[in-house]
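The values are calculated or read from the model by the stated rules, or taken from the named source; none is laboratory data. This structure is a prediction, so every number in the text was calculated from the model and none was measured. Positions of Cβ are generated from backbone atoms using ideal geometry, with glycine treated the same way; all protein chains shown enter the neighbour counts. The accessibility values were calculated without ligands, DNA or RNA, using every heavy atom of the protein model including side chains. Shrake-Rupley method; radii C 1.70, N 1.55, O 1.52, S 1.80 Å.
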Amino acid sequence: MKLLLMALTLLLTSCSSQIADYENTTPALELDRFFNGELVAFGMVQDRSGRVLRRFRVDMVASWEGNKGVLEEDFVYDDGEQQRRVWYLEKHPDGRYTGTADDVVTPAEGRTQGYALNWRYTLAVPVDGKVWDIDFNDWMYLLDENRLINRAEMTKWGFKVGEVTLWMERKTAL
């Protein structure tokens, strides 16, 4: 029985990535460097079974003054819907980042290590005429100084309800 519990614990803890796993990787992701200027992103939303529900483009403009940043996101979905989100970001001396936006229910909090950022928050998401508070576990991975991949798992009451995948690129690289 003891061996079974140890094996189960090892299996469960090995299934989730930790930000410390990326400690010595390069290039280092610094949000105030990557999210500065004009960017564009292309992404998709998938349900829990992996079926693509929506595709979208995001045009972004970001700027920083000291340790405070603003990230303006303008979404255009494949069905023509448009959405705007403005993030207010803060870089803390201990390496944490926090962020708020009008539709962010619980402020985002994350940390970078090497080329990765793990960022968690709750977002108010309209679904079929109702608004659901969906928990996001965002992982961003810097590919090079101009490109980044973002994967986010969405959960409700602890159950996976979907994923969002984005490819971001600084417009100076285009």
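Observations
- Using equal-weight Cα scatterers in the Debye expression, the normalised intensity of the stretch 52-130 in log10 at q = 0.18, 0.21, 0.24 Å⁻¹ is -0.88, -1.10, -1.26.
- As computed over the stretch 72-174, the Cα convex hull volume per residue (Å³): 129
- Relative contact order (%) - criterion: Cα under 8 Å, at least six apart; region: the chain: 21
- Near residue 125, the amide H atoms lying under 5 Å from its own belong to 132, 133, 134; only residues 5 or more places off or on other chains count, and H is placed 1.01 Å from N.
- Taking the protein heavy atoms of the chain in the context of the full set of protein chains, the accessible area attributed to carbon and sulfur is 54 percent at 1.4 Å.
- For the chain, the mean residue ellipticity at 222 nm estimated from helices alone is -2500 deg cm²/dmol, where every DSSP H run of n ≥ 4 contributes -39500 (n - 2.57) and the total is divided by all residues, rounded to the nearest 500.
- Averaged per residue, the chain has 61 square angstrom of accessible surface, using a 1.4 angstrom probe with ligands and nucleic acids left out.
- Look at where the Cα atoms of the stretch 124-152 and of the stretch 52-108 average out, and the two centres are 10 Å apart.
- Among the GluC sites (Glu not before Pro) found in the stretch 81-156, those both in a DSSP coil and sparsely packed, with 16 or fewer other Cβ atoms within 10 Å of their Cβ, are 81, 145.
- Taking Cα extents along the principal axes in Å as calculated from this structure, the corresponding entry among [x] 45, 38, 29; [y] 56, 42, 28; [z] 77, 35, 25 is [y].
- Extension gain, residue 26 back to residue 40 (0.36 nm per residue minus Cα-Cα distance, nm): 2.8 nm
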